[in-house]
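Worksheet: one structure, shown below.
The values are calculated or read from the model by the stated rules, or taken from the named source; none is laboratory data. Quick caveat: nothing in here was measured; it's all calculated off a predicted structure. Because the Cβ atoms are built from the backbone with ideal geometry, glycine has one as well, and the counts that use them run over all protein chains shown. Only protein heavy atoms, including side chains, enter the accessible area calculation; ligands, DNA and RNA are left aside. Shrake-Rupley method; radii C 1.70, N 1.55, O 1.52, S 1.80 Å.
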Amino acid sequence: MEPDVSIETSSMIRVAVVPIAGIPPQLFRDYAAMLLRHHTVSLSSISSFYTEHQKSPFSNQPWESGSLRFKFMLGGSPPSPWEDFQSNRKILALIGICHCPSSPDLRSVAAQFAAASKTYSSALVYRCFAFCPGDSQLEEESKLVLFPPADRQTQEFHLQTMVQDIAASLLMEFEKYVLQAESGGTILKTPLDSQATLSSEEVIKAKKRRLGRAQKTIGDYCLLAGSPVDANAHYSTALELARLTGDFFWYAGAMEGSVCALLIDRMGQKDPVLEEEVKYRYKSVIMHYKKSFIQENAQRVSPLSFELEATLKLARFLCRRELAKEVVDLLTAAADGAKSLIDASDRLIVYVEIARLFGLLGYQRKAAFFSRQVAQLYLQQDNKLAAISAMQVLAMTTKAYRVQSRASSEPFNDAGQTHVDGGKMHHHSIVSLFESQWSTLQMVVLREILLSAVRSGDPLAAWSAAARLLRSYYPLITPAGQNGLASALANSAERLPLGTRCGDPALPFIRLHSFPLRSSQMDIVKRNPAREDWWVGSAPTGPFIYTPFSKGESSHSNKQELIWVVGEAVQVLVELANPCGFEVMVDSIYLSVHSENFDAFPVSVNLPPNSSKVITLSGIPTKEGPVAIPGCVVHCFGVITEHFFKDVENQLIGATQGLVLSDPFRSCGAAKLKSVYVPNISVVPPLPLLVSHVVGGDGSVILYEGEIRDVWISLANASTVPVEQAHISLSGKNQDSVVSIDSETLKSALPLNPGAEVMIPVTLKAWQLGMMDLDAAGSKGVPTGKQVKDGSSPMLLIHYAGPVTKSGDAETVSVLPPGRRLVIPLNVCVLRGLSFVKARLLSMEIPAHVGETYPKLVQVKSEGAEKLDSTERQADRFVKIDPYRGSWGLRFLELELSNRTDIIFETSVSVDMEIPDDKESLPLCNCAEFGSPKTRIDRDYTARVLIPLEDFKLPVLDGSFLVKGSQTNGTARGRTSSFSEKSIKAELDASIKNLISRIKVRWQSGRNSSGELNIKDAIQDALQTSVMDVLLPDPLTFGFRLAKTSSDNSVKLDSPKNSDMETNYHVSGGSIVAHEMTPMEVLVRNNTKEIIKIGLNVICKDVAGENCVEGDKATVLWEGVLTGISMEVPPLQEIRHIFSLYFLIPGEYTMLAAAVIDDANEVLRARARANSLDEPIFCRGPPFHVQVNGTS
Amino acid sequence: MASTACFMIVSKNDIPIYEAEVGTVPKKEDAAHQHQFILHAALDIVQDSAWSTSAMFLKGIDRFNDLAVSVYVTAVIHTRLMLLHDSRNDDGIKSFFQEVHELYIKTLLNPLYLPGSRITSSHFDTKVRALARKYL
């Protein structure tokens, strides 16, 4: 049996082409390739070489259209025992090829060729072609055909000429042979013919047969000579004779020849009639071959191979899609027949042919099946060459079984990739990816490839097969089998040169995990060329990922875009998985980038059995342009492979669909990962890069609540590009804690050249901790760190950019290099400092002494001011300075502070009075000195701080309030009171706020830090509750004075409003003596704007609180009226009532004035909180002390 | 008499969704592979033949050595029930196919079964093997 047979094979002249004299194989293949192109030589072209020696037996030779066909047998072939039966099996010509430079001695070449030609006894023409002879060789006389060195075209032309010459010689030899055969000289035998001595009857039969056989052979030669008509004539004769003699074998042979002649004659036509004819005749050929089967020598030789060959020839002839069924039947029959073939190599050939024909038919799976049969036959031969063949054959099947090596299926993959890149894959295409998961078959095929590769000593193929097997079918392989494959990989790698690459990845599985966000230090911001503040809108500033307002702008900017900068290292996270039962040592793994503008840094990883790992791969972009990362290059098991993310991704998709065996990552316990969209990465030219650090350490700044501190931030340009623009802004929480940023310093330092550094001072004021923070701090004790994590610290955002364009190109101006954003988190850790417990407003009245000496200055000033403009607010303050209360009503704001920290605090309270320009406010100035005393609060102690409010009480609780209120009621009764109340309230609030804002509680801690306590709210709460009492003056105020000494004084009595009241107290003390008539006067002042009628009573009490004016034991005598003094007090005026007292006993007495208001109006009633109209309204003055000295 | 039979169900994507060695010949690993190889190869022919006939049962459509392949093509989603067998009991095979087809349809009716995915139901497996014993 021979491979590659077809019906036309019978018309081909077999020419052996052999290498002569050590020609290098590569050159031999080259020269032979040149020769092979001349497989068909037209008769017309050889006519010049042809000389008719005698009358040609090929009378009907088509000189115009016919041709001779050659079948070049490279390397020659042994003679076939069947060459008498089919003349086309004979080697009819021998061509030797030699390369002169490699064999200088032409004579020895000639000798070698002569020796070689001995083995080809059937050859009719011998030629030896010598290529590239030297000059000396050219001159030598030899039988060799020398091809002088020339260009390829010339050589080919020469070669063509020589082939035509050979063709002509052969034709002449054929004529000679046919003439000789016709004369009946030769005996034609086949191995089929009985070796036993022939009986007489058989001898006669044999003679008749001989004639038929001779005719068939002549027909063969006619066919070879390219004369189908002649051939057909001889075949017809032969058929007739063979039929008569029952020589079925030769009958079938002649029939085959006749079909071939028919086809040659009708070259190129394929009408159905011809087809039917061929089919019909071949059926009979097959039948007759079958008939010629002789039982007795079946063990030795059998015509079966001819039958199968004929079947295959017919199948090849019919091999078209439309006739698939017939072809399949034929091939199935051939396959059936093959198993009874004696010779294993014949069976091999049959299977090869069947596989090829199925392949031609488009039945890839069938073809693969028979290819695998071929491979198995090869593997049975157990030698290296057979193993190589087996491997190659199996490699061809991999496509049908879908286990092909990546190297051989590259174009397919590429197509898939572009498709997938478009976006989401359709379900259909996912399925198509996992189509034909015949895992059992695939594993078997791969195992066979591995076996054959190992046998044939092809480590790379073995490695690749083992890798594919391991990677795709690890779940189906036992741990022992996995270990075996791992060692197969290792063994193969040992025999491979270092750095071998293989298209098929083994383990581990690699998938893209994520692209870590650029650290906030290096953020890249697209510049908006249209606006000066180009950073606006470039980054989400709010707490929400999506804001409808920014949506419109940013819709065009792809979120998935990633910008890398030349020269700045980047990182990509990938996840590796080793689902197998052995340890995988990845010698190196790095990102594979095909765009050649990226330097990847390899790392090595060790993956324990059944484990997965996320690792960081880094690299540096080197050139601008787009970067695509399709996968990783892995050096593992001694071979370098490229692992594509896409493959694993597809596999994972398949796993979710249940189409793939298993998910390698999940089986390793890796977390489920949403598929990562690979962003478009582009590399931009170098950008400036600012590096910041906080001077004095980057750790968080620990501040107590309210502490103020300056922080220095140093900015350095760490890139090669100067910073030309920079802008500082704030973001994050607690932005108001940044009191000031000296952005001018930065501005003035621009452009910041590479390497330059600038320091920016930032003033921080620690914020108040919220309730939550306090709780957390309280429970944890040490809140450090937590605060930072909370992200409650403010951040400095510095947007900066390099030069706009480097070159002056007009076009590039529009394309701005992006700017950057530097985020400097001001890591402020706020500790709870002094904590506020509560605030209270305390009021205290110190009775005044009835005396004569008063600080006149105050009185005068006050009076003057009052008189000048009583309606003006500012003046009112002074007018209404509470002289008429007759006592020093002292009010304190008491703050209770506790110190839960571990250091000592010292607090000082100050009231910042913004001093009104036109005011000569000595007392006001005095009050500021209140800040001087410091209160020390030890750790874990609570302390109270008193803030005296007296000083600023009057300026605030001025008469204007009351005045306004009374005005409203008095002058414009028609107005709604609600309006006035509102305005009153508003004014009240405003004044309270004003007051509060002036109170500052400063502290200094033991750590030498200082700050301010923010307790405004607390104070406000405290004040609000008692505001009415504090703020509203009584409608009437009373005062006492010694009348006799006041004559030279002003008529008014005023209570001192100095803070140095101690002195006043003493001064006013000692002027009343017992047993003397002491004239006194009581002053009643109307604080409203309407006349008030009152009934005034004056009471004097002794130390025990007994009324000492009236009753049995009165110790004080009096003159004048003390009770029921009715008087009318004009608005904002005062009335004096004089009386005298005679103290019998020295000591301390208290004077009290009280009045019953008649016809009280609404305001008064409201002030007194009277419920009904009938209720009498009392107004009582504060007690005045009288110190009565003894006479002695 | 020991018989060889290998039954497979192949989905329309040419993926085997069920496979069972239902013969009485003692199992051999190699043989099982070979059976699958033959069935896999036969798909090429089934693919063509299925469209040339209206019959669902394609008897002895392919063969290799002594083993013949009979196929039953379901009408709806082009699922192929393939049997590799060495017996010539055509009627039995036909009945077997019909019964398995019914079973398969019941499986399809399961709302949790995704058409085209593997049939992993042990109940199905038991039933198929029982049918094989009955008919083959």
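Numbers at a glance
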{"item": "Label-point gap, in nm, between residue A:946 and residue A:740 - each point 7 angstrom along Cα→Cβ", "result": "3.7"}
{"item": "Accessible-area ranking of A:321, B:80, A:821, largest first, probe 1.4 Å", "result": "A:321, A:821, B:80"}
{"item": "Of all DSSP beta bridges in the range A:7-182, antiparallel share, percent nearest 5", "result": "10"}
{"item": "Three-way shape label, chain B, alpha-carbon gyration tensor, a/c 1.5", "result": "rounded"}
{"item": "Around residue A:341: net Lys/Arg minus Asp/Glu count, Cβ-Cβ under 12 Å", "result": "-3"}
{"item": "Extension gain, residue A:45 back to residue A:498 (0.36 nm per residue minus Cα-Cα distance, nm)", "result": "157.5 nm"}
{"item": "Amide hydrogen neighbours beyond the local backbone of residue A:643, cut-off 5 Å, H modeled", "result": "A:632, A:633, A:634"}
{"item": "Modelled FRET efficiency - R0 22 Å, residue A:990 with residue A:840, Cβ distances, 0.05 increments", "result": "0.45"}
{"item": "Computed label-point distance, nm, for sites residue A:270 and residue A:902 using a 7 Å Cα→Cβ extension", "result": "9.7"}
{"item": "Where A:224, A:652 fall by accessible area, highest first, once all protein chains stay in place (1.4 Å)", "result": "A:652, A:224"}
{"item": "Mean-position separation - Cα centroids, the range A:1084-1121 and the range A:341-360, in angstrom", "result": "143"}
{"item": "Rounded Å value of the spacing that divides the Cα centres of the range A:1126-1145 and the range A:591-615", "result": "103"}
{"item": "Under the Karplus curve 6.51 cos²θ - 1.76 cosθ + 1.60, θ = phi - 60°, whole-Hz ³J(HN,Hα) for the range A:387-403, x wherever Gly or Pro sits", "result": "5, 4, 4, 4, 4, 5, 5, 4, 4, 6, 6, 4, 5, 5, 8, 6, 10"}
{"item": "Cα centroid of the range B:70-136 to Cα centroid of the range A:86-123, whole Å", "result": "65"}
{"item": "Probe 1.4 Å, all protein chains present, accessible-area order of A:720, A:217, largest first", "result": "A:720, A:217"}
{"item": "Solvent-accessible area buried by pairing A with B, both sides, nearest 100 square angstrom, 1.4 angstrom probe", "result": "2700"}
{"item": "At R0 = 51 Å, FRET efficiency that the Cβ-Cβ distance of residue A:599 and residue A:211 yields, to 0.05", "result": "0.05"}
{"item": "Amide H contacts under 5 Å for residue A:837, placed H, 5+ residues apart", "result": "A:896, A:897, A:898"}
{"item": "Distance (nanometres) between label positions extended 7 Å along Cα→Cβ at residue B:94 and residue A:385", "result": "5.3"}
{"item": "Amide proton proximity set for residue A:1012, modelled H, under 5 Å, gap of 5+", "result": "A:707, A:708, A:1003"}
{"item": "Environment charge at residue A:56 (Cβ cut-off 11 Å; Lys +1, Arg +1, Asp -1, Glu -1)", "result": "-1"}
